[in-house]
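To keep things clear, I will list the structure first and then write my remarks on it.
The values are calculated or read from the model by the stated rules, or taken from the named source; none is laboratory data. In this text, all values refer to a predicted model and were calculated from it rather than measured experimentally. When we count neighbours, we look across all protein chains shown, and the Cβ atoms used for this are built from the backbone with ideal geometry, even at glycine.
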Amino acid sequence: MSLNNHYYYDEEKCEFVPVIQNKFDMVVYTACLWILNGVVLAAIGLTLLSNYIGTPAELALKAENETLLEQMQYTRESIVKLESQMESIVEMDNEMYRSVLGMDPISPEERMAGVGGSDPYSDFDIYSQETSEILRWTASKIDNLERRLGIQQVSFEEIQAYYNENQDFLRHVPAIKPTSGIVLSGFGMRMHPVLKYRRMHEGLDFRADIGTPIYATGDATVKVAARRGNYGLMIVLDHGQGIETRYAHLSGFADGIRSGTEVQRGDVIGYSGNTGMTQGPHLHYEVHINGSPVDPMNYLIADTTPEEYLMYQDIARNNPMSMD
């Protein structure tokens, strides 16, 4: 703003006299005005930002919180997957290892490992509802998984101790896969591929090309090595303690395999084929306890990983047809 047009009244001369400023004073005056205006505008801008958008620190904190919430949601999904895997291990522990070894299963109540008392997660209530819920859920699930893993570790130690004390008996338990192929069809009611009606399928069908080696799944004595009707060429092993295994649709027997032959787990006893009433080459495998067929899936404990076991279960559930 210029001061050249400003005047003051001189009473002695009775006239208006123009105000004369030097250039330095004018520059200082103008600069002060601009600085003052700038400060006022900056204050107004910061007020608007803090009220409607947020300060830079608040914006950074908001972005950080959003990232943390996204990470917590991802962690939540990972925990759900871990819980599913834990359930599979529990199922294998109870239905496979403990059942086959004759050990008492661990009850669901014991495995859940619940705790009582005051709320251990009340400290999270100071946060927003969404954040508090995620933190509570995550902390409780992790604590529960830690306790269940501890119980599972103890269970495996008990199984190991039982195995060490009963190795002679356990060598006779059918505990490995009878051949290298995957499971094609499971135990239970299935559509017969030749007869075209549903009937009880008393074993597992394994993929096996003609001539694939077939292994004894436990120490045993050969009870039958002969042709048996729809089973074709078949081997029956007596493992003692009322346990028998059956291997059907073979193309031939290994050297020396006949009634009365002693075999050990892992010995080749025959070769897969397509004899009897079948849809194609494969191995039909059964486990009998005291004369009754049981699901052989529960006896694949020595050379089957949890991932393979889950895959076999999925195939068995979803394939409505057997191979024989």
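The lone criterion from (1) part of a strand (DSSP E or B); (2) farther than 27 Å from LEU170 by Cβ; (3) touching a Phe, Trp or Tyr at 6+ places or on another chain (Cβ under 6 Å) left unmet by ILE235 is number (2).
Does at least one position in segment 163-172 carry a residue that is within 30 Å of HIS284 (Cβ to Cβ), among the basic types (Lys, Arg) and touching a strand residue (DSSP E or B) at 6+ places or on another chain (Cβ under 7 Å)? Among the residues of segment 163-172, not one is within 30 Å of HIS284 (Cβ to Cβ), among the basic types (Lys, Arg) and touching a strand residue (DSSP E or B) at 6+ places or on another chain (Cβ under 7 Å), which makes the answer no.
Here GLY266 passes the criteria (1) outside any loop (DSSP other than H, G, I, E, B); (2) in contact (Cβ under 8 Å) with a residue 24 or more places away in the chain; (3) under 22 Å from GLY181 (Cβ atoms); (4) under 41 Å from the mean Cα position of the chain (by Cα) except the one numbered (1). Restricting segment 212-232 to residues that are of a type in the set (A, V, I, L, M) and outside any loop (DSSP other than H, G, I, E, B), the residue that is farthest from the chain's Cα centre (by Cα) is ALA226.
So for segment 297-312 (the condition being in the same structural domain as HIS192 (by TED's automatic domain parsing), surrounded by 17 or more Cβ atoms within 10 Å (Cβ to Cβ) and at positive phi), does at least one residue qualify? No; the residues of segment 297-312 include none that is in the same structural domain as HIS192 (by TED's automatic domain parsing), surrounded by 17 or more Cβ atoms within 10 Å (Cβ to Cβ) and at positive phi. Of the residues making up segment 148-157, those that are surrounded by 15 or more Cβ atoms within 10 Å (Cβ to Cβ) and of a type outside the set (Val, Ile, Thr) are ARG148, GLN152, SER155. If you go through segment 283-324 and pick out every residue that is small (Gly, Ala, Ser) and closer than 11 Å to GLY186 by Cβ, you end up with 2.
Go through MET277, MET297, MET321 for me and flag whichever is aliphatic (A, V, I, L, M) and either in contact with a His (Cβ under 6 Å, 6 or more places away or on another chain) or more than 22 Å from ASN230 (Cα to Cα) (or both). Answer to the check: MET297. The sole residue among PRO178, PRO105, PRO193 that is in the same structural domain as TYR271 (by TED's automatic domain parsing) and not hydroxyl-bearing (Ser, Thr, Tyr) is PRO193. Quick one: in segment 249-273, of everything that is polar (S, T, N, Q) and surrounded by fewer than 18 Cβ atoms within 10 Å (Cβ to Cβ), which residue is nearest to TYR231 (Cα to Cα)? Out of the qualifying residues, it is SER259. Scanning segment 287-310 for residues that are over 23 Å from GLY266 (Cα atoms), at pLDDT 90 or above and either of a type in the set (Asp, Glu) or not in a loop (DSSP other than H, G, I, E, B) (or both) yields a single hit, SER292.
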